[in-house]
Amino acid sequence: MLQPWNNWKTKPAKRVSATAFSLLLGTFLLRVNGGASSLMVGRFLAELAPRHGRAITSVEVGLLSVTYFIVELSLSPVMGGLSDRWGRRIFLTLGPIFGLLQVTLLFFTPADDPFPYLLSLQVLAGISSAMQVPAVLGYLADYTSQEPELRVRLMSFYELVTSGGLAVGVACAGFAWDHFSRASFLLLAAGYLAAACCMLAVPRTRQIVEHGGVRVLASRYWRLLRSPRLFIFMPAWISIFALVGIWLSSQLTFLLSAHRHMPGQFLMGSLSGAGGGGHLSLVLGSVVLFFGLCLLFWAFFLNRVPRLLLMLFSIGGIYVACMALLGLNHSAPDNRPLQTGWVLLLLVGVFAETGFAPAALSYLADLSEGAAKDRGLLMGLYSVFLGLGQLLGNGLGGVFAQKWGFDGLIYLTALLALVALVALLFLFRYDRRISLTGGTRPAE
């Protein structure tokens, strides 16, 4: 039997920004913590390395992220499905509470043999994300079910607060670590507490809840997962999220901060000296902040470009960014004009590639229109794709970085972008064939 959630009247478009403010603010705070945590843990491990009794390798740093994403991708469909049955708000609030517990325990990480302890804490972090992300995206899909244009804008704002939060977190984390060292983990705990309060303030919205039998639900879930568009789209999104795992994790911080150099690679260990944390925050924070400003542009321009075409355009931007990073890494340390040129080319590539995330997220939300009772599960696939991608990116990133240093991250990026390009071309061909033959809508 279908039961509408309380207060399910559709909100007018003019009230969406005010109504969704608490949700977006809470998401922003969570992303601030995510960006700060990656940098802090990278600096923390770099400082622990001399006391560890043996060298801490890039593979071990990648293993921490791999553990986190295994937990997240395993539990996200379960948490998303439960939010379809029990409502979104309980998961919106519990997610930050688990994050609060995880970062508080980071404060007590032992200096001797810390990896088993850190691996166990990554389980708590994975549970936190598995609860929160599907609930947020399911809420946004519910809220914009009758407002297609509004959906694109809100999904863009979601990506904006995500990248903006990462920028703020990265920009502040280095300075916080330089001044407070391990005590800066308490700042992360305060951020999680504030995010939980924001999620408590999120109002109820339209949600269709079905209390069906397990066999009926399993059959419907399996049918949903086998839909052709979703199946073809999976490799592209997993590959793009793998790139996020490569460039927005502790691996990049570790390579730039560790006392390790490779001949001809300017960026390896370039920020390992005194005050490196502050310089690292300024550089990475500026790049991620620029990423967020580009998303703000796409929030108002996205409806003018077909989503699949925009995603294909973004793949071109990834290759432009790879060229710029390769040139920058092999430039002479004192050649400032050439380095400036490579940085400008890198910004052009970043601008182009930022269109992928909001376009892909809106595409997934459109698919959910044919499965309104299972939005939480379908939008929870965002976390599954994210987890699989970042599991792949962090795992392979550690291996490539150990073998080829900073160049290894660039090689892996180009390879994953090729996988995404092939998948998108197949999806573009499938959608074109369906439209010419008068087939089903993307949401079906």
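The values are calculated or read from the model by the stated rules, or taken from the named source; none is laboratory data. Bear in mind the structure is a predicted one, so any value in this text is a computation, not a measurement. Cβ sites come from the backbone with ideal geometry, for glycine too, and all protein chains shown count toward neighbours.
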In this structure, does Gly389 turn out to be within 21 Å of Glu72 (Cα to Cα), at pLDDT 80 or above and in contact with a Leu (Cβ under 7 Å, 6 or more places away or on another chain)? no
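A quick yes/no check of all residues on (1) surrounded by 15 or more Cβ atoms within 10 Å (Cβ to Cβ); (2) modelled with pLDDT under 85:
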| site | (1), (2) |
| --- | --- |
| Ser272 | yes, yes |
| Gly275 | no, yes |
| Val288 | yes, yes |
| Phe301 | no, yes |
| Val305 | no, yes |
| Phe313 | yes, no |
| Tyr319 | yes, no |
| Leu326 | yes, no |
| His330 | no, no |
Based on what the data block shows, is Thr109 part of a helix (DSSP H, G or I) and either over 23 Å from Cys197 (Cβ atoms) or among the β-branched types (Val, Ile, Thr) (or both)? no
Go through (1) modelled with pLDDT under 85; (2) within 30 Å of Lys403 (Cβ to Cβ); (3) assigned to a helix (DSSP H, G or I) and name the single condition Arg54 misses. (3)
State whether the residues of region 225-247 include one that is modelled with pLDDT of 80 or more, closer than 27 Å to Thr93 by Cβ, crowded, with 23+ Cβ neighbours inside 10 Å and not charged (D, E, K, R). yes
The number of residues in region 153-212 that are over 20 Å from the mean Cα position of the chain (by Cα), among the hydroxyl-bearing types (Ser, Thr, Tyr), modelled with pLDDT under 80 and under 19 Å from Gly34 (Cα atoms) is 1
